[in-house]
Structures are given as structure tokens and as C-alpha cells.
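Read through the structure below, which is laid out as C-alpha cells, and then see the notes.
The values are calculated or read from the model by the stated rules, or taken from the named source; none is laboratory data. Quick caveat, the model's predicted, so the values are computed rather than measured. Cβ placement follows ideal geometry from the backbone for every residue including glycine, while neighbour counts extend to all protein chains displayed.
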Amino acid sequence: MPLIACCLMGATHYGPAYDTRPRYALDAFAKELAREYQLEFLNSGLGALADAEQGIWALSLVSRQEITLEQGRQLATAIAHKLLDKVFTDPLFAQYCQKRNRFHKDELKREYVAFRLAFWDKKTNRPHYPFLAQIRLADGNLYYHYADPETQALQAPIVEILDSCSDLGSSAT
């Protein structure tokens, strides 16, 4: 598994510069974010990484920590805040939106940003209640999942609107 993670972290992005430049910037940001929160950065890509229908930029992260829902809320809002701040303050992301839709206005939206944070133990098993198995930011909502204790399948999530979780500033609308 370390070989796969290593290869994914060094992924090459293909396409026009207006698309690849923000993706490389997001990768560099994600590596710093992962270090800050003792996470592993797996890869970045489209919103499908986090099951986000509108996602243009998404991160896939892993944690070996066991955290409760309340701890997860704090972590998720901190990550969401930093990720949105990056996208809304780095001009590469606004330039992408301008280039992508030259004939009509397309502005940055929170819904374009997503992440998935999966929790696994050393044997790649999901933690059981009261610990979270996964957190996602997708389409402006935070999703908190527990794992089924028998099958490890994700249970139906607890869903919170991102706005209700914290004040993320007026620039990220």
C-alpha cells in the first residue's frame, strides 16, 4: 500500500495550464494540511472523490486516529475553512472558472470544493461507534458516517449544512 499512496501523491495532472495549475496548488496545500492534522494525503481530483455532484476540486485524506462525532465536527469545519480559504484566496481557482466558461459568468462557489476523510486502523478496518468511519464535505454539506460493526459498510450519514457548522467568512459564499 505505501507504493500506491506514494504514486498517487506524486500524480501528474494533464490538461490546459488553467486547469493543471490550480490542481498542483491544491496538491501542495493538501500535503501541508495533512501534516498539520496528522493525516495522510492520498490524492486530489474531481468531486467524485467525495461523492460531490458539483465538485471541481476535491481531496482524499486518511486518518489513523479514532475520533468522536464532536471531535469530527471540529476537525471537519477546520479543514473546510482552510480548504475554502485556499480556493477563494488563490487567484488560480478564479482564473479556472473564468477560462472554463468564457461565454457566461461562472464564479467560485463553496459547492465546487470537496473532501473525503476516511478513518482506518493499522489493519485497514474502519473504527466502530462511538468513533467516526468517514467525514465528507460535498455540495456544501458535511457528512459524518459511522461504520456498521458487522460489515464495516458506511451507515447513513449525519448531514449538516456547512453554514450551520461555523462562520467560514464572507468571501466563501
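What to note about this one:
- There is no residue in the range 81-95 that is of a type in the set (F, W, Y) and either at pLDDT 95 or above or more than 17 Å from the chain's Cα centre (by Cα) (or both).
- Residue pairs whose Cβ atoms lie under 8 Å apart, sitting 6 or more positions apart in sequence or on different chains, and linking a residue in the range 27-50 that is modelled with pLDDT of 95 or more and part of a loop (DSSP other than H, G, I, E, B) to a partner that is among the small types (G, A, S) and surrounded by fewer than 17 Cβ atoms within 10 Å (Cβ to Cβ), are Y37/A78.
- Options L117, L132, L142, L137: the member that is modelled with pLDDT of 95 or more, closer than 22 Å to F41 by Cα, in contact with a Gly (Cβ under 8 Å, 6 or more places away or on another chain) and crowded, with 19+ Cβ neighbours inside 10 Å: L132
- Some residue of the range 75-89 being outside any helix (DSSP H, G or I), in contact with a helix residue (DSSP H, G or I) (Cβ under 6 Å, 6 or more places away or on another chain) and either touching a residue at least 24 places away in the same chain (Cβ under 8 Å) or not acidic (D, E) (or both): no
- Of all residues in the range 1-26, those satisfying the criterion of being out of contact with any helix residue (DSSP H, G or I) (no Cβ under 7 Å at 6 or more places or on another chain), modelled with pLDDT of 75 or more and among the aliphatic types (A, V, I, L, M) are A17, L26.
- Residue within the range 58-70 that is modelled with pLDDT under 95, crowded, with 21+ Cβ neighbours inside 10 Å and not in a loop (DSSP other than H, G, I, E, B) present: no
- Odd one out for Q98, checked against (1) at pLDDT below 95; (2) in a helix (DSSP H, G or I); (3) touching a helix residue (DSSP H, G or I) at 6+ places or on another chain (Cβ under 6 Å): (3)
- Conditions (1) surrounded by 18 or more Cβ atoms within 10 Å (Cβ to Cβ); (2) out of contact with any strand residue (DSSP E or B) (no Cβ under 6 Å at 6 or more places or on another chain); (3) aliphatic (A, V, I, L, M): number failed by A78: (1)
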